[in-house]
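The values are calculated or read from the model by the stated rules, or taken from the named source; none is laboratory data. Being a predicted model, the structure only gives us computed values, none of them experimental. Using ideal geometry, Cβ is built from the backbone for each residue, glycine included, and neighbour counts are taken over all protein chains shown. Note: accessible area is taken over every heavy atom of the protein model, side chains too, but ligands, DNA and RNA are not part of it. Shrake-Rupley method; radii C 1.70, N 1.55, O 1.52, S 1.80 Å.
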Amino acid sequence: MGVKAALYLLLGAVFPLSTVSQVNVPHNALTVFPSNAGVYSEGTKVSDLVNITANLYILPVCSINGVRLPGGDVYLTNAKTNISWFSEFSANAADYIGPSLFEVLSPNSTGSYRCRTLPNDTSTQSSSHYTLEVVVRPSIDSFTIAPTQSFGAFLGDTAIAKCCANGYPQPQISIGGVAATTASSVLTDGVYTVCANLNFTASGPAGSNESSTCSASLAQSVSCTEGSVPVPANVISNCKAALAAQTSMPTSIFVASLNCSPALTVVNGNISKNDSDNYQSRATLNCSAGYMINGSALSDCLATGSWSVAALWCSDID
């Protein structure tokens with residue numbers, strides 16, 4: 001007996017023989033089951049969602065007049081990626097659901113599914129849609145504060161803080177506890193990549209790294225599947241935990257005072273400065289006639305807003 005013949009004998013034992021070979025199926029008899037939507041978390045196993053014995057099929061399969069299809073000229077198509085496959089299933093749960101797309105749910109499993117008599121059939125008379133959404137916990141790609149100066153920022157400067165996060169549904173981003181403005185949002189293979197900006201005012205203290213934190217959580221735009229279908233409790237709890245998950249990432253920027261105050265104390269001499277009283281300026285002491293340097297001849301304007309040497313002295317030579 002050939003392999004194909006054996007396969008059809010097996011299918012005939014599991015399903016009514018009349019449903020094994022369906023040719024030229026009328027559109028109005030073709031349906032996708034279940035005909036609603038499913039929301040589950042990433043990593044959910046098909047074995048947690050399908051019970052062949054109890055006739056529970058929570059992920060999409062094709063049927064004709066309410067009878068599940070073990071084979072024939074019918075295709076289950078993912079409208080998102082336009083990938084289709086022949087819907088020849090056995091009574092094994094993993095085989096019944098079809099390809100590896102459903103073995104363990106991943107972001108790539110997200111999409112809208114329907115049954116068609118041909119893989120490229122775009123007729124509006126094809127079956128109703130089954131929408132599968134996979135919750136992906138938020139993660140932060142990057143968090144930066146753009147410097148306003150080569151070293152970081154002056155006290156009071158306004159810099160732009162930018163945070164990018166991934167997840168599904170769309171991540172919501174806050175920076176320093178304040179909701180950030182979404183600058184871009186792209187959905188790729190079932191995962192959103194969102195970048196958001198917020199004006200960041202450097203408040204110090206001067207001479208230190210000022211920190212901020214980006215936080216990301218998921219928009220509560222979907223609800224985990226429960227109630228209408230007998231979804232196992234652990235599947236529901238895992239989905240809800242993924243929806244409620246939050247993540248954060250810190251970053252910092254060096255903050256300096258714009259200038260130094262109070263003015264330097266100079267005794268028996270005068271000073272020259274290469275940049276007035278501004279940050280990183282250097283003051284050089286010049287002694288009056290008959291006096292000599294006592295201690296340091298140099299003082300630098302520090303990021304803290306003070307001079308490295310508060311007083312420069314010249315002493316009488318005699």
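Quick one: Ser185 ticks every box in (1) closer than 30 Å to Phe33 by Cβ; (2) open to solvent by 40 Å² or more (accessible area, probe 1.4 Å) bar one, so which box is it?
Only one criterion in (1) closer than 30 Å to Phe33 by Cβ; (2) open to solvent by 40 Å² or more (accessible area, probe 1.4 Å) is unmet by Ser185, namely (1).
Out of segment 192-229, which residues are modelled with pLDDT under 95 and either in contact with a Cys (Cβ under 6 Å, 6 or more places away or on another chain) or under 27 Å from Gly38 (Cα atoms) (or both)?
Ala219, Gln220, Ser221, Val222, Ser223, Cys224, Thr225, Glu226, Gly227, Ser228, Val229
Quick check on segment 230-262: of everything there that is part of a loop (DSSP other than H, G, I, E, B) and open to solvent by 30 Å² or more (accessible area, probe 1.4 Å), which residue is modelled with the highest pLDDT?
So in segment 230-262, the residues part of a loop (DSSP other than H, G, I, E, B) come out as 230-232, 245, 257-258, 260-262.
Then drop every residue that is not open to solvent by 30 Å² or more (accessible area, probe 1.4 Å), which leaves 230, 232, 258, 261-262.
Details: Pro230: 75, Pro232: 85, Leu258: 96, Ser261: 89, Pro262: 87.
My answer is Leu258.
Out of segment 95-138, which residues are assigned to a helix (DSSP H, G or I) and modelled with pLDDT of 85 or more?
Passing the criteria: only Pro107.
Condition first: among the small types (Gly, Ala, Ser) and touching an Asp or Glu at 6+ places or on another chain (Cβ under 8 Å). Can you find one or more residues in segment 256-264 that meet it?
Among the residues of segment 256-264, at least one is among the small types (Gly, Ala, Ser) and touching an Asp or Glu at 6+ places or on another chain (Cβ under 8 Å), which makes the answer yes.
Working only within segment 283-293, note down all residues that are open to solvent by 90 Å² or more (accessible area, probe 1.4 Å) and part of a strand (DSSP E or B).
Within segment 283-293, Met292 is the sole residue that qualifies.
Can you tell me which residue within segment 194-222, out of those that are more than 30 Å from Pro147 (Cβ to Cβ) and surrounded by 13 or more Cβ atoms within 10 Å (Cβ to Cβ), is nearest to the chain's Cα centre (by Cα)?
Leu218
Suppose the filter is at pLDDT 95 or above and surrounded by fewer than 21 Cβ atoms within 10 Å (Cβ to Cβ); does Gly167 pass it?
So Gly167 does not fit the description; no.
Where residues in segment 28-56 are assigned to a strand (DSSP E or B) and at pLDDT below 80, which of them is nearest to Cys239 (Cα to Cα)?
Here the answer is Val50.
Return only the number of the condition from (1) open to solvent by less than 70 Å² (accessible area, probe 1.4 Å); (2) among the polar types (S, T, N, Q); (3) free of Cβ contacts under 8 Å to residues at least 24 places away in the same chain that Ser174 does not satisfy.
Condition (3) is where Ser174 drops out.
Just give me the residues in segment 266-282 being under 20 Å from Asp316 (Cα atoms) and open to solvent by 70 Å² or more (accessible area, probe 1.4 Å), in sequence order.
Within segment 266-282, just Asn270 meets the criteria.
Have a look at Glu210, Glu226 and point out the one that is acidic (Asp, Glu) and closer than 21 Å to Tyr40 by Cα.
Glu226
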